[in-house]
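These notes concern the structure reproduced below.
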Amino acid sequence: MKKGDVVLITFPFTDLSSVKVRPALVISNDSYNEIQDDTVLLLITSNITRLSPDDYLLESENPEFANTGLKNPSVFRVGKIHTLKKTLLRSKLGFVGSGILKEIEDRLRNLLQL
């Protein structure tokens, strides 16, 4: 598992009432991912109707879209950061390129005022 990977993972709802299998973006660095039993992820959703200012919308027209393994235009929910055990990982779908990753990192820095 590497930073920038798009993975399918079992995600808990924010109120912990249930879980859902959904795509996520690995945002923890490769060194962390190599030595830890967990990884830091951003939620990805195909519900593109409710965007917050920090969300990143990836449309299918983007030349990097095909590499992600996503089927539909999707929103990377920068405000939905989760640290989860790697055992919850179902599969790797694809990856995001450096351009998309930089956009998401910039939004993450803005959100956290880093």
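Readers should treat all values here as calculations from the given coordinates under stated rules, not as data from a laboratory. These numbers come from a predicted model, not from an experiment. Every residue, glycine as well, gets a Cβ built from its backbone with ideal geometry; the counts of neighbours run over all protein chains shown.
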With Cα springs under 10 Å, the Gaussian network model of the chain assigns the largest mean-square fluctuation among Leu58, Leu16, Leu84 to Leu16
By the mean-Cβ-within-10 Å protection proxy, highest first, 73-81, 46-54 rank as 73-81, 46-54
Simple SL model, points at 7 angstrom along Cα→Cβ for Glu59 and Ser31; separation in nm is 3.9 nm
Mean-square fluctuation maximum in Gaussian network of the chain, Cα pairs under 10 Å, restricted to Leu43, Leu88, Leu57, hits Leu88
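Using the Cα centre as the reference, give the magnitude of the dipole from point charges on the C-beta atoms of the chain (Lys, Arg: +1; Asp, Glu: -1; all else neutral), rounded to the nearest 20 debye.
340 debye
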Only helices counted: for the chain, with every DSSP H run of 4 or more residues adding -39500 (n - 2.57) and the sum spread over all residues, [θ] at 222 nm is -6000 deg cm²/dmol
Here the FRET efficiency for Leu112 versus Ser91, based on Cβ atoms and R0 = 22 Å and rounded to 0.05, is 0.15
The ³J(HN,Hα) series, computed from each phi in the stretch 13-24 with the Karplus coefficients 6.51, -1.76 and 1.60 at θ = phi - 60°, rounded to the nearest Hz and given as x for glycine or proline, is 5, 4, 8, 6, 6, 6, 10, 8, 7, 8, x, 8
Given all pairs of distinct Cα atoms, the chain yields a Kirkwood Rh in Å of 14.2 Å
Computed over the stretch 1-65, the distribution of all Cα-Cα distances in 5 Å bins, rounded to whole %, is 3, 15, 20, 24, 21, 12, 5, 1
